1. Could you check the spin-label model distance between Glu110 and His83? Points 7 Å from the Cα along Cα→Cβ, value in nm.
2. Placing unit charges on C-beta atoms (Lys and Arg positive, Asp and Glu negative, everything else neutral), compute the dipole magnitude of segment 54-131 about its Cα centre in debye, rounded to 20.
3. Rounded, prolate or oblate for segment 33-96? Axes are the square roots of the Cα gyration tensor eigenvalues, ordered a ≥ b ≥ c, and the cut-off for rounded is a/c under 1.5.
4. So, by mean Cβ neighbours within 10 angstrom, what's the order for 86-93, 34-41 with the highest one leading?
5. If you rank His64, His83 by fewest surrounding Cβ atoms within 10 Å, what's the result?
6. Please report the relative contact order for segment 25-108, taking Cα pairs under 8 Å with a sequence separation of at least 6, and give it as a percent rounded to a whole number.
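Nothing in this text is a laboratory measurement; each read-out follows from the coordinates by a stated rule. As the structure is a computational prediction, the values presented were derived from the model and not from experiment. Glycine gets a Cβ as well: all are built from the backbone with ideal geometry, and neighbour counts include every protein chain shown.
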Amino acid sequence: GWLGFSIFNASGKRGKERTQDRIIDAGTVDQFKPGQVKAIAQGQFYLSRLEDGRFIALSRVCTHLGCALPWNYEKQAFVCPCHGSTFDRQGLATRPPATRPLDYYRVRIENGVIMVNITTSVGRSGFSSSQTA
Ligand code: FES
């Protein structure tokens, strides 16, 4: 199921509230090697496959002051162009001024297809947000 505490049904109804969920098909599990990070949907978010095979969909918004983060392949890190914060492939802040991990989006894997719910990103204080394929 979706990660996190919000459960959405197929029509996007949740209680009385009706949400228009935006679901992105991010490709298939076998398109990602462990350790790989890819920009998805014209860079709206990053999909990262961790070494243990889990996936995490990361916001590209730096948690310092909100600049858009590029993935730096050589450094294997997100390096913020604004004030130099870095984040690892799990989205954890590894160099200040940012200290908070990147927000993430809920990921669901169905029949080998990775679907990401980009309706709202989820903040976190620690790392607990990926899923085993
Ligand atoms: Fe990214 Fe300041 S906005 S380090």
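1. Output for this residue pair reads 4.1 nm.
2. Charge dipole, segment 54-131, about its Cα centre: 100 debye, nearest 20.
3. Prolate, because a/c is 1.5 or more and a/b exceeds b/c.
4. Per-residue Cβ counts within 10 Å, averaged per peptide and sorted highest first, yield 86-93, 34-41.
5. With the fewest neighbours first, His64, His83 line up as His83, His64.
6. 22 percent
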